[in-house]
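What follows is a set of notes on a single structure, which appears directly below.
The values are calculated or read from the model by the stated rules, or taken from the named source; none is laboratory data. From a predicted model like this one, the values you see are computed outputs, not experimental measurements. Positions of Cβ are backbone-derived with ideal geometry, glycine not excepted, and every protein chain shown enters the neighbour counts. Accessible surface is based on the protein model in full, side chains and every heavy atom, while ligands, DNA and RNA are left aside. Shrake-Rupley method; radii C 1.70, N 1.55, O 1.52, S 1.80 Å.
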Amino acid sequence: MKISICADALYMGQTIEKAIDDVLKNGFDAIEFWGWEDKNLQSLAEYQRVRGFQVAAMCTKFISLTDASCRPAYIEGLKESLKVAQSLNCKCLISQTGAELPISRQLQQESLINGLKECVPYLEEYGIILVIEPLNTRVDHEGYYLSSMDEAAMVVKEVGSPYVKILYDIYHQQIMEGDISRRIQKYHQLIGHYHAAGNPGRHELYDSEINYERIFHEIKQTGYQGYVGMEYFPVDNTKIGFDYIKQVIL
């Protein structure tokens, strides 16, 4: 298990270079970020060459998978995102599913599954995984389609490719379902990336009703070798949150 730091969350309003410098100064070597369209990619690639950090994950373009009419645009966005990921040696793309539409959930689910199946050949070509993210619809993302880990698992199983997995966001799923440890044990083979933040508030891990020391132990016990992304909005100096992660969690 490795740690990555979400630059767009922890360093909102700052340049990504400044974020990277602080992450490296604090003893971590991997970042992730949300959209890539607002980044100077040539400059970022050069900065990566000089500083030697890893890009653990980034988002593909925010285009609906639940709306079948958006499928061509989603696939084109995926192709663009794969090229960007390859240029940064990033092996994981994050995808949201889109908003819930005023049609049956079955039709939306079929669109989601079929869209992900169409992604697989491109993912295989680049050797990059795509992780779909269930979000909470109670606090932060009202109207979003996918909020259930059970449904996410069903979708991924139906797609049937090792290149399509789940992003298990501990913060979001604590709000929606709880039962975090059992969920990790049940679905760990389908999980390709994790996110973590304190709840309530989405701040540092030590400011949380979630027992992160126990949760990280559970993740380690599954044999997970990938990244857990810190995706919280800090209240304290970043060093305090990072020291907690290094001293208590890892």
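Being in contact (Cβ under 8 Å) with a residue 40 or more places away in the chain and in contact with an Asp or Glu (Cβ under 9 Å, 6 or more places away or on another chain) is true for just one of 144, 126, 122, 168. Which residue is that?
Checking each option against the conditions leaves just 144.
For segment 74-103, the set of residues classified as of a type outside the set (Gly, Ala, Ser) and open to solvent by less than 40 Å² (accessible area, probe 1.4 Å) consists of 74, 75, 78, 82, 84, 88, 90, 92, 93, 94, 96, 97, listed by residue number. Residues in segment 197-224 that are open to solvent by 10 Å² or more (accessible area, probe 1.4 Å), among the charged types (D, E, K, R) and in contact with a Gly (Cβ under 9 Å, 6 or more places away or on another chain): 207, 209. Across segment 2-11, a minimum of one residue is classified as under 18 Å from the mean Cα position of the chain (by Cα) and open to solvent by 80 Å² or more (accessible area, probe 1.4 Å). Confirm whether residue 32 is open to solvent by less than 10 Å² (accessible area, probe 1.4 Å), under 30 Å from residue 112 (Cα atoms) and charged (D, E, K, R). Spelling it out, residue 32 is indeed open to solvent by less than 10 Å² (accessible area, probe 1.4 Å), under 30 Å from residue 112 (Cα atoms) and charged (D, E, K, R). The helices (runs of 4 or more DSSP H) found wholly in segment 1-106 and carrying at least 3 residues that are in contact (Cβ under 8 Å) with a residue 40 or more places away in the chain and in contact with a helix residue (DSSP H, G or I) (Cβ under 7 Å, 6 or more places away or on another chain) occupy 41-51, 71-87. For segment 130-139, the set of residues classified as under 16 Å from the mean Cα position of the chain (by Cα) and assigned to a loop (DSSP other than H, G, I, E, B) consists of 133, 134, 135, 136, listed by residue number.
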